[in-house]
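Everything below concerns the one structure shown next.
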Amino acid sequence: MEELLQRLSTSPRMTWLTDRAVVLATACSYALMLCLSIAQDRHRDGLFRLPGLGTFPLVGLCVVLALPVLLTRRRPAAVFATVLGESILGHLFGVRPWIVFVLLVGLSGYLAVRRPRAAAVGSGAAVLAAFVENIGVYPGETLGDAAQWAGQFALWFAVAWVFGGVHRKRREYLGALDEQKAARAVMAERLRIARELHDSVAHSIGIITVLSGAAARVVDTKPEQTRQALTGIETTSRRTLLELQRMLGALRRAEPDDAMPGAAPLAPAGSLADLPQLAERTADAGVRVQVAWRGERRPLPPEIELSAFRIVQESVTNVVRHSGARTCRVAVGYEPEGVTIEVVDDGEDGPGRPRPSAATGGGGFGLLGMRERVTLLSGQFSAGRRPEGGFRVAARLPA
């Protein structure tokens with residue numbers, strides 16, 4: 001029920017209906033108060049004499065005078081000028097409806113939200129008109145009385161203008177916050193897409209690169225191994241193409257608001273249970289992956305499972321592409337408050353096999369993407385060369 005009420009209160013249609021209802025209620029109240037004020041006013045000592053009106057003509061006159069209020073949202077300055085003109089006419093005919101004063105102050109505050117300069121000019125014009133009317137229309141009042149009345153009038157307009165300005169600044173501030181939030185969401189979504197694309201494709205492309213290089217070296221001397229390498233390339237390419245198609249399909253189905261955490265997955269979610277298949281695919285590229293499990297295996301939250309799998313996948317890809325090692329060891333440890341991942345190889349750097357920097361990921365974004373994944377989950381990450389040789393990637397994810 002609370003979620004439904006929140007959606008209704010923030011929906012554009014409900015906001016539109018609420019605004020129109022407020023404007024209509026204000027116009028009706030203004031017409032009603034005009035009728036009561038004119039009917040009760042018996043002095044009428046202005047420059048002109050208001051002719052006696054029956055009940056229905058009086059009601060009709062008040063309704064006509066209140067009609068401009070309905071245009072407040074579209075033409076606030078014009079409505080303020082119209083009501084100010086009605087106030088001046090009322091003084092000329094000796095009628096001083098207090099509701100006109102209240103409406104002018106309210107319109108001044110609303111106009112200060114939309115058009116602050118117009119609100120300041122209109123308020124000044126209203127104060128000047130009140131001062132002139134008290135001198136010219138009511139000769140019994142002294143200059144001090146007129147100045148006192150105009151001063152009180154100016155004070156109310158100043159308060160309304162200040163409140164309107166505060167509301168305007170608050171709305172501008174909230175608008176700027178919404179823009180920043182949208183920009184951050186777009187950036188986060190771009191990074192998420194980039195990570196998923198890199199993690200989903202880089203592993204397969206690395207294997208394809210290694211297999212194609214091996215096939216090129218033995219194409220003349222060992223046709224059977226060449227055939228096996230080409231078969232591995234075909235299988236890996238088809239799998240990569242299928243992942244890309246699924247990812248693009250998810251992106252096409254995603255709504256614009258999917259930049260938030262509830263976005264649709266970009267690809268089939270991987271998990272630690274897929275490590276045996278990952279090891280099998282990596283073996284086709286000439287690197288044997290030894291997977292060791294520690295602790296009691298248990299289901300983890302989907303985001304933890306996916307991030308852990310992607311970290312292992314990217315680490316193994318770096319082993320295939322950069323280390324020159326024939327084996328690597330993957331250790332997954334289940335702890336009471338999380339899961340640990342360690343990928344170690346004994347490879348050596350060689351010509352044409354540059355190691356990625358542990359801080360930036362070298363020329364690529366593998367280590368950077370892994371670090372971002374772990375940081376988003378409030379985990380710990382480290383990567384670097386081992387003193388005894390090789391490379392080590394370690395991560396701990398809270399779960």
| Spin-label point model (7 Å from Cα, Cβ direction): what's the SER378 to GLU335 distance in nm? | 1.5
| request: Using R₀ = 25 Å, calculate the FRET efficiency as 1/(1 + (r/R₀)^6) where r is the Cβ-Cβ separation of THR209 and LEU244; round to 0.05. | output: 0.90
| note | For the pair THR15 and ALA77, the simple spin-label estimate (label points 7 Å beyond Cα toward Cβ) gives in nm 2.4
| query | So what does TYR173 come to for accessible area, using a 1.4 Å probe and Å² rounded to 10? | reply | 140
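Using a ≥ b ≥ c from the Cα gyration tensor of the range 77-134 (square roots of the eigenvalues), is it rounded, prolate or oblate, where a/c under 1.5 gives rounded and otherwise the larger of a/b and b/c decides, a/b for prolate?
On the way: a/c = 2.35, a/b = 1.77, b/c = 1.33.
It comes out prolate by the Cα gyration axes.
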| Theoretical gain in end-to-end length, VAL186 to ALA283 [0.36 nm per residue, Cα-Cα removed] | 31.1 nm
| note | Residue separation between SER237 and ARG117 times 0.36 nm, minus their alpha-carbon distance, gives in nm 36.7 nm
| With all protein chains present and a 1.4 Å probe, how do HIS91, HIS167 order by accessible area, largest first? | HIS167, HIS91
| Using θ = phi - 60° and the Karplus form 6.51 cos²θ - 1.76 cosθ + 1.60, what ³J(HN,Hα) does each residue of the range 212-219 get, whole Hz, x for Gly and Pro? | 5, x, 5, 5, 5, 6, 10, 4
| message | For ILE208, what accessible surface area do you get with a 1.4 Å probe? Give it in Å², rounded to 10. | response | 30
| field | Full-stretch length increase - ASP220, GLN148 - with 0.36 nm per residue and alpha-carbon distance subtracted | value | 15.2 nm
| query | ARG168 versus TRP98, label points 7 Å from Cα toward the beta carbon: distance in nm? | reply | 3.0
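The values are calculated or read from the model by the stated rules, or taken from the named source; none is laboratory data. Predicted model only: the values in this text are computed from it and were never measured. Cβ: placed from backbone, ideal geometry, glycine included. Neighbour counts: every protein chain shown. Just the protein is used for accessible areas: all its heavy atoms, side chains included, with ligands, DNA and RNA removed. Shrake-Rupley method; radii C 1.70, N 1.55, O 1.52, S 1.80 Å.
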